[in-house]
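> Sharing a structure below in structure tokens format, with a few things to ask.
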Amino acid sequence: MGKKYKNPPIIEAVCEFQFAPGQPWDFTVHGLFYEQIRAEFPEKQQQMGIGIRFRQEAGAIQHELLPNSERMQFLRKDKSALVQVGPDMLAVNHLKPYPGWEVFKPLILDNLNKYIEVAKPKGLKRLGLRYINKIDLPEQTIKMQDYFNYFTLIPKELPQTHENFSARVEIPHE
């Protein structure tokens, strides 16, 4: 068990699965999935998104607009957690207060099994697990090493003061 904080910094934990397409996507999957989870996640809302893909070709950057990505969100009544379903994707989110991995993991696995049963994906393309933290610090200017074990190093040639920072680590795993 990890360290318990008086004011935990996690404001959201997200586990997202992207699947290799199995059967052609059918928007009735949203309804079939909802029937499986409606007791725990009774509220629903539709989300529309637009995707853009960038790639370098012949020394120039090309962009491509991707088809609208429509997804449904299913929320708990208290809005503490939600499940998102879209073409070949499932995301399980837990908002503040984060209950810990012992509670979050079964929530993920339960919804993953229900999604697989309904959508019948061919396989898994990508799995992402993200923890989003918000840390309010008491001083205007701080030394990062006084508060964090992992932080960005800024070259001496650049100004040493900054506002927000973001860190991301991608670990390949079979």
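> Anything in the range 73-99 that is in contact (Cβ under 8 Å) with a residue 60 or more places away in the chain and over 12 Å from the mean Cα position of the chain (by Cα)? List them, or say none.
Across the range 73-99, the qualifying residues are 87, 88, 96, 97, 98.
> In the range 8-35, what residues are within 13 Å of residue 99 (Cα to Cα) and either in contact with a Cys (Cβ under 7 Å, 6 or more places away or on another chain) or assigned to a loop (DSSP other than H, G, I, E, B) (or both)?
Hits for the range 8-35 are 8, 9.
> Please list, ordered by residue number, the strands (runs of 3 or more DSSP E) wholly in the range 62-161 having 2 or more residues that are basic (Lys, Arg), out of contact with any Lys or Arg (no Cβ under 6 Å at 6 or more places or on another chain) and within 28 Å of residue 27 (Cβ to Cβ).
Values: elements: 81-86, 89-95, 123-133.
Output list reads 123-133.
> Working only within the range 126-146, note down all residues that are loosely packed, with under 12 Cβ neighbours inside 10 Å and either among the β-branched types (Val, Ile, Thr) or farther than 22 Å from residue 14 by Cα (or both).
135, 137, 138, 139, 140, 141, 143, 145, 146
> Would you mention how many residues in the range 119-151 are under 26 Å from residue 95 (Cα atoms) and either among the polar types (S, T, N, Q) or touching a residue at least 24 places away in the same chain (Cβ under 8 Å) (or both)?
The total comes to 14.
Computed from the coordinates by the stated procedures, all read-outs in this text should not be read as laboratory data. Small disclaimer: the values here were computed from a predicted structure and weren't measured. So basically every Cβ, Gly included, is an ideal-geometry build from the backbone, and we count neighbours across all protein chains shown.
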